[in-house]
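The values are calculated or read from the model by the stated rules, or taken from the named source; none is laboratory data. Note that the structure is a prediction, hence the values are computed from the model and not measured. All Cβ positions, even for glycine, are placed from backbone atoms using ideal geometry, and neighbour counts span all protein chains on display. These accessible areas exclude ligands, DNA and RNA; they are computed on the full protein's heavy atoms, side chains included. Shrake-Rupley method; radii C 1.70, N 1.55, O 1.52, S 1.80 Å.
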Amino acid sequence: MGGGCSELHPLSFSTAMNDKEKLLKRYWHHDAFRPLQEEIIDSLLAGRDTLALLPTGGGKSLCYQFPTLLREGLCLVVSPLIALMKDQVQQLNDRHLKAACIVSGMSPSDISNVLNNAVCGELKFLYVSPERLQKQQFLEHYRKMKVAFVAVDEAHCISQWGYDFRPPYLSIADIRPYHPEVPFLAVTATATPRVADDICRHLQLRDPARFQASMLRPNLAYMVLRDDDKKRRLLRIVSQVGGCGIVYTRNRRGTQAVAQFLVANGITATFYHAGLDATERDSRQAAWMKGSCRVMVATNAFGMGVDKGDVRFVVHLDLPDSPEAYFQEAGRAGRDGKPSYAVLLCDDSDRERLQRDFESDFPSLKFIRNVYRALGNYYRLPVGAGADQRFDFAIEKICANYDFPVRAFYSACRFLEREGLIAVPDQEEAWSTLHIPLGRDELYRFQVSHQRQGDMLQALMRMYPGLLQMPVAIDERRIASRLYAEPADVVVMLTQLNDMHVVEYRPRSREPQIVFVSPRVDESSICRDDREYRQLSEASMARREAMLAYVDNDHLCRTRQLVAYFGAADVDDCGVCDVCLHRQPQKKGLEDAVRQLLKDKSLRVGELSDLLLLQGYADVREALRRMLDDGAIYIDGNSFLRCS
């Protein structure tokens, strides 16, 4: 995807090396690098394997995209989620840089076209899942590619001790012998020291340069607030804090119920979870992104690949399973550097719920074996058969037929995937692809004789350069917005063009797929030695206990607790979390709270008001006016409040 080859090297290599700022401005519209970005880029350009631990919103993708423009060859990007790949490919496409991806749901011919283009040097960036690296077709093409770098996104997924372990990540290093000289970059936002060591070992990083940005988010106030009526407390927060926000809940039913509650109380809100139709998810996300909907209520299926800087608050109505998950989700607030709030609401039931979830996430081995037997029976596969066979993954039907709890069933499937028996889909769908197979003369004749369809094709080629060369991932809603049409009308027109053999249009797949990676085995042979399974469950329990310790510890600054978990020490109190605001012995009332907050820093009126309102203070504006009148505080020339 992208323009012609000349687009890929806008500056000569020598000029680009001496003028990084010009390249940065041209393609990313930034005047300067963010912290550690340039050092990471220089490490890769020097040929070193590199590990980069950068916070959410810290600009990880630029660290491998930028140096790729300064080298011949492409960057192979290994990414775990379709949504992440879709977002990155679209952004590169918008910058007129050639990028493509390979995802489930693409036809064999589409996959072959993308791989051939990579071999022929028609791509600068190729995004694939870790599962793709194990395919013989991919490996045969990969050995012929000119590769500049390999980037492993969300690298924490490689560690079985991490919160989001994915077994296919363990095989990524198998591709190293094909291009042994190519540097690897591993990037993640959430890795404890143990997980960071795991990343380096499993990826076989050679003497890696390690870069870890500060985990501190000085503009983000972490709050743990206890309230038996979480919905009412949420309404107060949303009403008191301006701007847009995200509210996370544990389950799909909760997203809809909370969104309806907010709407009933005058707040524009919508909900999002993986069970919604992909078009509906896209529509709701788009409404929230452009600001026509203020609050997104979602499960943790929402947020990956979403780049919105002005999120003023992230509220969790239920405890996440780990500090890693919480830090990443809460970190979606305030990416623009302005004061924002990460609020975790809890009550007495949270501890019991976390224990119940643990039992679902780590069902007994007997249950796992029963699930495997049920899958084989449901798809009518005898023992010894089924290798590489693919089926619609009808989770609800299977669970109803065999009376399996859905969450425990999905957890069992993930373990079976880890054992190399099946491959289960992420809760994302493949998206639509489009290719124009006509030659330029033939295309011109069609456009002249079919003006309406020709105008649409012209618009599509402007939006998606590269349509004439390869299948391109497209977004029907984005096309509809550009053409001032309805998405359904776009689908109809593309279908008509497909029937006329002018385009090759493949709508997004609707059904997730399950793949039997190896022939069916007797379930009694699964995990005869349960030591590793027990170790995994113990590691997960330790993360949950760390999350509970974070909630229970109302003596140590919240920021200090979080960064200490990730291995950082010797940081100062943030001064704005609930612990810092409440533990001051001299604080007797609102005016004392104001003085304490302004003791070592200055704040704007709105920032100070938000912090105090979140703590339950009332009549804040009136108190500030009184203190201004009395001369206890004053407003400086930059509109900041200061103590007199």
Seminar exercise, completed: Here the stretch 119-135 yields Karplus 3J(HN,Hα) values (6.51, -1.76, 1.60; θ = phi - 60°; whole Hz; Gly and Pro given as x) of 5, 7, x, 8, 10, 9, 9, 10, 9, 9, 7, x, 4, 4, 5, 8, 7
Exercise. Where the accessible area of the chain is counted over protein heavy atoms with a 1.4 Å probe, how much of it, in %, is carbon and sulfur?
Worked result: 48
Exercise. So what is the orientation-averaged projected area of the stretch 32-164, using the convex hull of its C-alpha atoms, in nm²?
Worked result: 8.7
Exercise. Relative to the longest principal axis of the chain, what angle (0 to 90°, nearest 10) does the C-alpha long axis of helix 531-552 take?
Worked result: 30
Seminar exercise, completed: Relative to the chain, whose Cα atoms define the longest principal axis, helix 252-264 and its Cα axis are tilted in degrees, nearest 10, by 50
Problem set entry | Probe 1.4 Å, accessible area per residue of the chain, Å² | 43
Problem set entry | Loop-located trypsin sites (Lys or Arg not before Pro) in the stretch 274-340 whose Cβ has at most 13 other Cβ within 10 Å (DSSP) | 290
For this session: Would you calculate the separation in nanometres between label points at residue 626 and residue 171, each defined as 7 Å from the Cα along the Cα-to-beta-carbon direction?
Result: 6.9
Problem set entry | the stretch 223-230 - phi-based ³J(HN,Hα) in whole Hz, Karplus 6.51/-1.76/1.60, Gly and Pro as x | 10, 10, 10, 9, 7, 6, 10, 5
Seminar exercise, completed: Once residue 216 and residue 478 are pulled to full extension, the length gained, defined as 0.36 nm per residue separation minus their Cα-Cα distance, is 90.7 nm
For this session: With label points built 7 Å along Cα→Cβ from the Cα atoms of residue 251 and residue 538, find their separation and express it in nm.
Result: 3.1
For this session: Output ³J(HN,Hα) for the stretch 368-377: one whole-Hz value per residue in order, computed from phi by the Karplus curve 6.51 cos²θ - 1.76 cosθ + 1.60 with θ = phi - 60°, and x for Gly and Pro.
Result: 4, 5, 5, 5, 5, 4, 5, 4, x, 5
Exercise. Residue separation times 0.36 nm, minus the C-alpha to C-alpha distance between residue 452 and residue 380: what's the value?
Worked result: 21.0 nm
For this session: Rank these by accessible area, largest first, 1.4 Å probe: 435, 202.
Result: 202, 435
For this session: Give me the lysines in straight-line cross-link reach of residue 290: C-alpha distance below 16 Å, same-chain residues under 8 apart excluded.
Result: 308
Seminar exercise, completed: A chain fully extended from residue 553 to residue 286 at 0.36 nm per residue, minus the present Cα-Cα distance, gains in nm 92.3 nm
For this session: Could you tell me which of 128, 638, 311 has its Cα farthest along the dipole of the chain towards the positive end, charges placed at Cβ (Lys, Arg +1; Asp, Glu -1), taken about the Cα centre?
Result: 638
Problem set entry | Förster radius 30 Å - calculated FRET efficiency between residue 349 and residue 527 (Cβ-Cβ, nearest 0.05) | 0.35
Seminar exercise, completed: The answer for residue 244, listing residues at least 5 apart or on another chain whose modeled amide H is closer than 5 Å to its amide H, is 312
For this session: Taking the convex hull of the Cα atoms, report for the stretch 284-430 its projected area averaged over all directions, in nm².
Result: 11.4
Seminar exercise, completed: Loop-resident chymotrypsin sites (Phe, Trp or Tyr not before Pro) in the stretch 115-166 with no more than 11 other Cβ atoms inside 10 Å, DSSP not H/G/I/E/B, are none
For this session: Would you kindly find the accessible area of residue 620, with a 1.4 Å probe and non-protein molecules such as ligands, DNA and RNA excluded, rounding to the nearest 10 Å²?
Result: 10
Exercise. So what does residue 601 come to for accessible area, using a 1.4 Å probe and Å² rounded to 10?
Worked result: 80
Exercise. What is the calculated FRET efficiency for residue 388 to residue 261, with r their C-beta to C-beta distance and R₀ = 56 Å, to the nearest 0.05?
Worked result: 0.75
For this session: Go through 87, 522 and list them by solvent-accessible area, largest first, probe radius 1.4 Å.
Result: 522, 87
For this session: Treating cross-link reach as a plain straight distance, find the lysines whose alpha-carbon is under 24 Å from the alpha-carbon of residue 124, omitting any fewer than eight places away in the same chain.
Result: 20, 22, 25, 60, 86, 98, 135, 144, 146
Seminar exercise, completed: Sorted by chain and number, the residues with a modelled amide H under 5 Å from that of residue 422, at a separation of 5 or more or across chains, are 417, 517
Exercise. Put a dot 7 Å past each Cα toward the Cβ at residue 227 and residue 45; how far apart are the dots in nm?
Worked result: 5.0
Exercise. Amide H to amide H under 5 Å from residue 343: which residues, 5+ apart in sequence or cross-chain, H placed 1.01 Å off N in plane?
Worked result: 223, 314, 315, 316
For this session: May I have the extent of the alpha carbons of the stretch 480-538 along their three principal axes, as whole Å values ordered from largest to smallest?
Result: 59, 29, 13
